Amino acid sequence: MAYKIDKDACTNCGACAAECPVQAIHEKGEYHQIDPDTCIDCGTCESLCPAEAISAN
Ligand code: SF4
Ligand code: SF4
């Protein structure tokens, strides 16, 4: 299963999108969102999110 961003916890910093190896993360209004069909479950975004807003789904 793909990783998921908690939109209420996300501060929209963009750090995850910048480091995702497959560009699966995009800004969506006031938060960022992961495309589950593109995510390869590498875990990079989860480890770097300063708001701890990302978790395995
Ligand atoms: S790194 Fe975390 S807080 Fe920053 S945009 Fe990504 S999910 Fe949101
Ligand atoms: S787990 Fe890896 S591939 Fe999936 S969104 Fe996060 S950084 Fe991108």
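The values are calculated or read from the model by the stated rules, or taken from the named source; none is laboratory data. In this text the structure is predicted, and so the values were computed from the model without any measurement. In this analysis, Cβ positions are derived from the backbone assuming ideal geometry, glycine residues included, and neighbour counts consider all displayed protein chains.
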| said: Just to be sure I understand, how many residues within the range 1-29 are more than 11 Å from ligand 1 (Cβ to nearest atom) and surrounded by 12 or more Cβ atoms within 10 Å (Cβ to Cβ)? | reply: 2
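State yes or no: is GLU27 more than 8 Å from ligand 2 (Cβ to nearest atom) and among the acidic types (Asp, Glu)?
Criteria met by GLU27.
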| note | When LYS7 is run through (1) in a loop (DSSP other than H, G, I, E, B); (2) touching a Ser or Thr at 6+ places or on another chain (Cβ under 7 Å), the failure sits at (2)
| field | Any chance THR11 is polar (S, T, N, Q), within 8 Å of ligand 2 (Cβ to nearest atom) and at pLDDT 95 or above | value | no
| If we scan the range 43-56, do we find a residue that is within 10 Å of the chain's Cα centre (by Cα), part of a loop (DSSP other than H, G, I, E, B), more than 8 Å from ligand 2 (Cβ to nearest atom) and surrounded by 12 or more Cβ atoms within 10 Å (Cβ to Cβ)? | yes
| When the range 30-42 is examined, which residues are found to be farther than 10 Å from ILE5 by Cα and crowded, with 17+ Cβ neighbours inside 10 Å? | CYS39
